[in-house]
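Rule-based calculations on the coordinates, nothing more; no lab input. Since we're looking at a predicted model, the values are computed, not measured. All Cβ positions, glycine included, derive from the backbone under ideal geometry; neighbour counts span all protein chains shown.
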Amino acid sequence: MPYHAPPFRDRAQAGQVLAGMLAHHAGPGTVVLAVPNGGVAVGVPVAWALGCPLRLLVVRKIQIPGNSEAGFGAVASDGTAIYNQELLARLGLTPAQVEIQKQKALASIRERLALYGDWARPPELGGRTVILVDDGLASGVTMASAAGIVRQQAPARLVVAAPTASASARQRLLPLVDELVCPDVRAGPYFAVAEAYAHWRDLEVDEVLRLLENLPEQPESGPGRA
């Protein structure tokens, strides 16, 4: 198989690429909602370039029992859950097992909300352009959950932006949003977000908070405060 160089150096450079593609949304009427942790490093340069506020939208993958890397769905902070029904059928999980895994994901969300404080409390979204940002879309299920919770607040326009995505994730999300911006869409049986980046690693919470503290527009009660 021929080697293909990653299209992005790192998340920050990928965010700059997205910012150029999203320039038509610049202005205070736009809000960037980044999915932590990796989506924050992409979303910060987008918010800088567009001159708009950035907040966090905490959604979590619902993990397959015994597998911390793979999930069969995603849940948002309000309990809204979306499932990969085809995968769920193959796994043969009982409703009780599904609920247990969902509650574990919600517990993780509550922990993150406490850590991120006001950064995880978005401003009023009604009538505004909302740009949901993540560092990549593998199945699209987590982002679909995020889109569902934002739709409930009646934004004027809902945009999903990610540097890289699988073709199946793109197809999943297209009917759910007004605009999908993704410069690197890949088809095939295998997809890994990390393969789009020359430099890739997981981000810790303290790194995320440092990125947020450099933004010009801060929550009124300060970063990381409830």
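For the stretch 128-147, which positions are in a loop (DSSP other than H, G, I, E, B) and of a type in the set (A, V, I, L, M)? Steps first, please.
In the first step, residues of the stretch 128-147 are kept if they are in a loop (DSSP other than H, G, I, E, B); the result is 128, 134-136, 138-140.
Listed by number, the list holds a single entry, ALA138.
The criterion of at least 3 residues that are farther than 19 Å from LEU158 by Cβ and within 18 Å of the chain's Cα centre (by Cα) is met by the following helices (runs of 4 or more DSSP H) wholly inside the stretch 1-120: 11-21, 38-50, 95-116. Against the test of being out of contact with any Leu (no Cβ under 8 Å at 6 or more places or on another chain) and in a helix (DSSP H, G or I), the options LEU211, LEU203 yield a single qualifying residue, LEU211.
If the condition is being touching a Leu at 6+ places or on another chain (Cβ under 7 Å) and either among the aromatic types (Phe, Trp, Tyr) or within 13 Å of ILE82 (Cβ to Cβ) (or both), then the stretch 151-178 contributes ARG151, ALA169, LEU173. Quick one: would you say LEU125 is of a type outside the set (Asp, Glu), buried (at least 20 other Cβ atoms within 10 Å of the Cβ) and part of a loop (DSSP other than H, G, I, E, B)? Taking the combined requirement at face value, the residue satisfies it. Evaluated against (1) surrounded by 19 or more Cβ atoms within 10 Å (Cβ to Cβ); (2) in contact with an Asp or Glu (Cβ under 8 Å, 6 or more places away or on another chain), VAL177 falls short on exactly one condition, (2).
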